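The values are calculated or read from the model by the stated rules, or taken from the named source; none is laboratory data. Bear in mind that the values here come from a model prediction, so they are computed numbers and not experimental data. We place every Cβ from the backbone using ideal geometry, glycine too, and count neighbours over all the protein chains shown. For the accessible areas, the whole protein counts, side chains as well, though only heavy atoms, and no ligand, DNA or RNA atoms are used. Shrake-Rupley method; radii C 1.70, N 1.55, O 1.52, S 1.80 Å.
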Amino acid sequence: MLEIYLTRHGETQWNTIRRMQGQNNSPLTELGTRQAKWLARRLKGKKFSYVYTSPLGRAKETAVILNDVLGAKLVEDDRLMEIALGDWEGRLVSEVEQTFPKEHEQFWHNPLEFGMDDKEDFFQVRERAADFFESLIKQHGEGKILVVAHAIILKGMMNYIRGNGVGEFWTGRHILPTSLSKINVQDHRYSIIYEGEVSHHQEEMAAGWFIDEE
């Protein structure tokens, strides 16, 4: 059996001020670093063979903290990068909402209709996530794998695993910083064991920043 663990990077500076990141980047906060260390302690001893990470700085920073404890082979994969948001990247969520009210509404509440020339749509994100997931299970028949990525690409992966359409993209729990999801794969059958689990968090996060974010 193959056990795939999925996590998001730790909290970043832009997260705390609700600035959209996409494929842009900001560093982890002190809390974000602690979140990664808490998750590392939770996963210690599970004997991961590989840690796959997005090449974006916040994910790599998280993956390195985790792998200092796990000691697995660390592999970067561009397919794990966050959704590309073009000129929304670096803007405050409130600014995007005011300047692009229709598109902002579609992004969070009608993903089937969202589409802008300089941005990925949710079909493209789901396809990228699915391609990574399928290649992962073809390459690894058994063992434990950890994937470190971003909220929306992980939502796309869960959407694919569930067999849902893009209209149901946001189904499921919030993917909070260093939250953990687990997928078991056996005979090409997928089982979601848990999703967005944060029992390892030792401090509460500021309420609300993670809603309609990034």
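Key figures for this structure:
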item: Cut-off under 5 Å, modelled amide H: who pairs with R8 long-range; result: A149, T178, S179
item: Amide H partners (placed H, <5 Å) of V75, local residues excluded; result: V51, Y52, T53
item: Cα-derived Rg over Rh, computed across the chain with Rh taken as Kirkwood radius; result: 0.95
item: In order through the range 196-202: 3J(HN,Hα) via Karplus (6.51 cos²θ - 1.76 cosθ + 1.60), integer Hz, x for Gly, Pro; result: x, 7, 10, 5, 7, 5, 9
item: Dipole of the range 48-110 [Lys/Arg +1, Asp/Glu -1 at C-beta], most positive-end residue of I83, T99, A72; result: A72
item: Surface accessible to a 1.4 Å probe, per residue, for the residues of the range 91-209, Å²; result: 48 Å²
item: Charge dipole (debye, nearest 20) of the range 1-55; +1 at Cβ of Lys and Arg, -1 at Cβ of Asp and Glu; result: 220 debye
item: Considering only the range 9-160, percent of DSSP beta bridges that pair antiparallel, nearest 5; result: 20 percent
item: Value of relative contact order over the chain, rounded to a whole percent, pairs C-alpha under 8 Å and six or more apart; result: 33 percent
item: Heavy-atom accessible surface of the chain: percent carbon and sulfur, 1.4 Å; result: 45 percent
item: Positive minus negative residues near E113 (Lys, Arg vs Asp, Glu; Cβ under 10 Å); result: -2
